[in-house]
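These notes concern the structure reproduced below.
The values are calculated or read from the model by the stated rules, or taken from the named source; none is laboratory data. Note that the structure is a prediction, hence the values are computed from the model and not measured. Cβ placement follows ideal geometry from the backbone for every residue including glycine, while neighbour counts extend to all protein chains displayed.
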Number of protein chains: 2
Amino acid sequence: MPTDPRHLFDDATRVTAGDSCWQGKTSPDYWAFVGPFGGATAATVLRALIDHPQRSGDPLALTMNYCAPIAEGTFDLDVRLVKANRSTQPWCVELSQGGGEVATLATAVFAERRPSWSHRPAQMPQARPFEEIRPYPDVAATWANQYDFRFIEGFPDFRGRKAEKPESALSSLWIGDRVPRRIDYLSLMAMSDAFFARIFHVRRELVPIGTVSLTTYFHVGADDLADENITRVLATADAKIFHRSYGDQSGELWSPSGRLLATTTQIAYFKA
Amino acid sequence: MPTDPRHLFDDATRVTAGDSCWQGKTSPDYWAFVGPFGGATAATVLRALIDHPQRSGDPLALTMNYCAPIAEGTFDLDVRLVKANRSTQPWCVELSQGGGEVATLATAVFAERRPSWSHRPAQMPQARPFEEIRPYPDVAATWANQYDFRFIEGFPDFRGRKAEKPESALSSLWIGDRVPRRIDYLSLMAMSDAFFARIFHVRRELVPIGTVSLTTYFHVGADDLADENITRVLATADAKIFHRSYGDQSGELWSPSGRLLATTTQIAYFKA
C-alpha cells in the first residue's frame, strides 16, 4: 500500500534500514506530555518490520512494552527474527538511544492470512456520520492535533470541574488523520494507541499516566485493508478496572463499511 | 504465597534456577493435542520470573508468543531483565530445547502496586453457585482433566452434530483445580489460557487450532490475592472475530467475592 512520504505521519515514523539495527527518530509533530506519542513509536517499530527484507506475511499481533521515556532525537531499533516457520514469523524489537538501556521492548507476529471460514460475533457500534460531528479542538499534546477526532459518545470535556462520581469509561469516535491519509497497518497501529487515557474520561480530569504495555491484533489481510480504501476508522474504547495505580483499556477499530480491522488492549500507570 | 509441592500443577510448572538460564519440563498431566498446555508453559515462565532473585514487584502483564511446538521433555528458559527502573521491571524470556531455535518468546512486566484511587466499571457476571453445577466430564487432552470446569453459560457439547449456524462464542464458568489449590498468580496465568478454543463453541466441533499470542494483565497485588484465599475463579470468555485463519478471544477472571483478578486476550490460528 503506497504511503505519502510528505505526510507528517510518514515522516514521523520513517525508518532507516540497517542489518539488524534500524534507526528511527522522534517527531515534534507527534509529541505527548513527556515523550513521543506511543502510537507513533509503535508504528515506527511496525514499519521497520514491514520493510524488513526477511519479513513475510501480514502483521497479526504487536506488543509494545514501554520501559522508559524516549528522549527527543534518533533511536536505534534492534530487529530480530526470532524463528521462521511455514506460516508465522515472531519478531523481537528493542528500542534504545545512544547505546543505552532498552527503552521499549516489542514483540510481533506476522502471519500468512490464508482464506478460511469467517464469522464476526462482534457488533459494529452505531455511529452518527463523521460529517455531522464537529472535530475535537486542539490540545496541548501535539500528537492529538494530527488526528481528526469526532466523538459520538464520551466526549471528553475537561473545562469544567472533575467528576464527582466516576463517569463512563466508554468512548466511541471517528478517528482519521487531520491531513487525510489512507488507512494502512501503520495507521491502525498508531490509532490503537490514540485514545485519550480512560482515566481522563472517568474522572473528567487530566492526571499523570503512562502506557506500560500495549497489544494490538490485526484482523485483516493486506488485500482486505487495501480493498477498504479508507481514511478513517470508527473506534471504541472502554476500561474494566483501575486499581493500585494501574488501569486497563480495550478497544476496537472498524472500517466505515463494517469490517473489524483491529482490536487492542493496554495497561497503563496512573497517579490518582 | 505458599504452594503445595505435591500438587500436579506445581510439579508441572517447576523450574530449576540458573544464572540467566533456567530450566523447566513438560508434564504428561498437562498435555494438549500436539504439545504441552500453553497455560502450563506460561505459568512456568511466570514462576521463573517470580522466583528470580532480581525480581521486584508483582506481575502486571505477561505476553506469550508461541512460535513452535514444544516437544516432551526439558526446556531452557533464557531469562533477561531488560531494564529496571523505580516502579516497573520489563523482562524477556526465550524458551528453547536442546540449544535449538526459540519455541516461545515471552515478555513480562512486574510493577510495584502502590495504593491508589480504585474504580471498577466492569460488571461481575451473574453465576449459579459452583456446588449446583455438575463438573465437565473428562476429555482426551489431559490438561483439561486437571481442572474442575463448571459451565454456567455456553456448555460445550461436541457429542451432537456441528452447528448449522454459528452459535454463541460466550462462555461463563467456574474454574478450579480438580485437586483444590489456592489461587495464586501462577494459577491465574494458566487459567487465562484454560478456555476451550472459541471456535469449538461457535462451530460445536473440534478443529485444528493453536494459540499464537496470549496477553494477560493482573489487576491485584500479591496481598490482595492472598486476602481472597480462594481455590476457584469465575471466568468468562468471548470472541469478536474469526477471519482468514485467525480468531481472537478475550476473557476475565473474577474472585467469588467479586474482585476482577485478571483479564486476558489471545489470537489463535484455526483450520476451518
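General remarks:
- Members of segment A:218-245 that are closer than 27 Å to A:Phe33 by Cβ and within 9 Å of another protein chain (Cβ to nearest Cβ): A:Asp238, A:Ala239, A:Lys240, A:Ile241, A:Phe242, A:His243, A:Arg244, A:Ser245
- Breaking point among (1) more than 19 Å from B:Gly258 (Cβ to Cβ); (2) more than 16 Å from the chain's Cα centre (by Cα); (3) modelled with pLDDT of 95 or more; (4) among the aliphatic types (A, V, I, L, M), for B:Ala163: (3)
- Within segment B:212-233, the set of residues being under 20 Å from A:Ser250 (Cα atoms) and either assigned to a strand (DSSP E or B) or aliphatic (A, V, I, L, M) (or both) comprises B:Val212, B:Ser213, B:Leu214, B:Thr215, B:Thr216, B:Tyr217, B:Phe218, B:Val220.
- Segment A:94-104: number of residues that are more than 7 Å from every other protein chain (Cβ to nearest Cβ), without any contact (Cβ under 8 Å) to a residue 40 or more places away in the chain and either under 16 Å from A:Thr41 (Cα atoms) or β-branched (Val, Ile, Thr) (or both): 4
- Residues that are among the polar types (S, T, N, Q) and within 11 Å of chain A (Cβ to nearest Cβ) were ranked within segment B:248-264; the one that is surrounded by the fewest Cβ atoms within 10 Å (Cβ to Cβ) is B:Ser250.
- Unmet requirement for B:Ala17, which otherwise passes all of (1) more than 14 Å from chain A (Cβ to nearest Cβ); (2) in contact (Cβ under 8 Å) with a residue 12 or more places away in the chain; (3) surrounded by fewer than 20 Cβ atoms within 10 Å (Cβ to Cβ); (4) touching a strand residue (DSSP E or B) at 6+ places or on another chain (Cβ under 7 Å): (4)
- The residue list A:Gly154, A:Gly210 contains one member that is within 14 Å of chain B (Cβ to nearest Cβ) and touching a Gly at 6+ places or on another chain (Cβ under 9 Å), which is A:Gly210.
- Taking the criterion of being touching a helix residue (DSSP H, G or I) at 6+ places or on another chain (Cβ under 7 Å) and either part of a loop (DSSP other than H, G, I, E, B) or surrounded by fewer than 16 Cβ atoms within 10 Å (Cβ to Cβ) (or both), the only residue of segment B:38-59 that qualifies is B:Arg55.
- Being surrounded by 20 or more Cβ atoms within 10 Å (Cβ to Cβ), within 9 Å of another protein chain (Cβ to nearest Cβ) and aromatic (Phe, Trp, Tyr) holds for only one residue in B:Trp117, B:Trp143, B:Trp174, B:Trp91, and it is B:Trp91.
- Top-ranked residue in segment B:182-196 [being assigned to a loop (DSSP other than H, G, I, E, B) and not charged (D, E, K, R); ranked as surrounded by the fewest Cβ atoms within 10 Å (Cβ to Cβ)]: B:Phe196
- Number of residues in segment A:105-114 that are in contact (Cβ under 8 Å) with a residue 40 or more places away in the chain and either at the interface with chain B (Cβ under 7 Å from one of its Cβ atoms) or of a type in the set (Ser, Thr, Tyr) (or both) equals 5.
- Annotation: of all residues in segment B:64-87 being small (Gly, Ala, Ser) and without any contact (Cβ under 8 Å) to a residue 40 or more places away in the chain, the one that is surrounded by the most Cβ atoms within 10 Å (Cβ to Cβ) is B:Ala68.
- B:Leu62 at the interface with chain A (Cβ under 10 Å from one of its Cβ atoms), modelled with pLDDT of 95 or more, closer than 23 Å to A:Val102 by Cβ and assigned to a strand (DSSP E or B): yes
- Qualifying positions in segment B:163-188 - among the hydrophobic types (A, V, I, L, M, F, W, C) and without any contact (Cβ under 8 Å) to a residue 60 or more places away in the chain: B:Ala163
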